[in-house]
Structures are given as structure tokens and as C-alpha cells.
Amino acid sequence: MQEAWDDLNQVEAAFGKMPGPHRLAMAAELLEWTVANFRTPIADPVVSDLVARATATIREAVGRGASTATGQDGFTTALFEASEETEEVGAYELLVSLYLCFDDLDPEIRPDRLTTVFDQCYQADLRRYSQPAIAVGDAREITPREQAILDFQRALINRYTG
């Protein structure tokens with residue numbers, strides 16, 4: 001377990017050496033990949049609309065070289081409220097990840113927030129497509145789908161920090 005914490009600390013340290021606009025670009029790419037690789041489309045029309053609008057806003061901010069996205073009045077409130085109200089499995093994690101890319105919290109996406117985006121994108125897919133399990137004894141094996149997500153995330157981190 002200590003090894004996992006050490007790895008996480010190294011990743012956050014690498015994120016800290018990156019300029020804010022690169023962290024936002026990395027988050028945008030991860031979010032777009034996560035949504036594009038869901039096996040099923042987002043069914044909740046409110047969530048689907050918010051994801052599309054937030055992704056476009058984040059991508060536009062990346063194009064401008066910004067460190068965070070700026071939402072129109074009430075947009076981040078709508079993201080937060082939808083995350084609390086939707087019953088779509090995995091939507092909470094995805095909406096939280098999108099929210100973390102906006103300037104409501106800070107003028108740039110900090111390394112710890114980017115780490116959270118990575119975790120929440122992984123959790124969104126995991127919750128969406130995994131069977132609930134009770135942790136008993138040995139740790140369960142990682143599924144091929146989970147491994148593909150982790151492989152993409154590692155490659156993305158290496159491309160931006162390597």
C-alpha cells in the first residue's frame with residue numbers, strides 16, 4: 001500500500017512541475033477519452049447536455065492557453081446540482097471531474113485537483129460497469145477494461161510529463 005502512496009506522490013509532484021495550461025489540457029484529454037470510451041451513452045439528458053457543454057468550454061479554454069475554464073453564470077452550480085441529483089451511475093464522478101476544471105475554486109487546476117480528476121474518471125467507469133463486490137481477503141483482479149483505463153492514464157501522464 002505504501003508503494004501506491006509513493007507513486008501517487010510522485011505523480012502529483014510531476015503535475016506540480018507542469019504549467020497550469022498543460023494540466024488543464026491533460027484533464028480535457030482525459031475527460032474526453034473517458035466519455036468517448038463509455039460502453040453506453042449517457043442516458044440522463046441533463047447530464048449529457050452538461051457534459052457536452054462543459055467539455056466544449058474546457059476545450060475552448062485549452063485553446064486559449066488558459067489554466068482553468070470559465071463557465072457562464074450559474075453553469076458550475078448546474079454541474080454541482082446535477083451531480084447531486086442524477087441517478088445515472090458514474091455521472092456524479094464525471095460531473096465532479098468537470099467541475100474541478102473550472103475557475104470557481106482557483107485560478108488554475110492545481111496538481112491535487114488534477115489527481116482527483118484522474119481518480120474520478122476511473123471511478124466513473126468502474127462504478128458504471130463493474131459489479132458491486134464485497135472486499136474479502138485478497139484484492140480482486142483488475143479487469144481488462146480497468147487495465148485499459150489505467151494504461152491510457154499512464155500513457156497520458158508520461159506524454160505530458162515525460
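Here N9 meets the list (1) out of contact with any strand residue (DSSP E or B) (no Cβ under 8 Å at 6 or more places or on another chain); (2) of a type outside the set (D, E, K, R); (3) at pLDDT 95 or above almost entirely, failing just condition (3).
Residues that are outside any helix (DSSP H, G or I) and surrounded by 14 or more Cβ atoms within 10 Å (Cβ to Cβ) are absent from segment 46-63 altogether. Within segment 91-118, the set of residues being over 19 Å from F15 (Cβ atoms), surrounded by 23 or more Cβ atoms within 10 Å (Cβ to Cβ) and either of a type in the set (G, A, S) or over 8 Å from the mean Cα position of the chain (by Cα) (or both) comprises A91, L95.
Counting the residues of segment 12-45 that are aliphatic (A, V, I, L, M), crowded, with 16+ Cβ neighbours inside 10 Å and touching an Asp or Glu at 6+ places or on another chain (Cβ under 8 Å) gives 2.
The values are calculated or read from the model by the stated rules, or taken from the named source; none is laboratory data. Remember, predicted model here, so these are calculated numbers, not experimental data. As a convention, Cβ positions derive from the backbone with ideal geometry for all residues, glycine included, and neighbour counts pool all protein chains shown.
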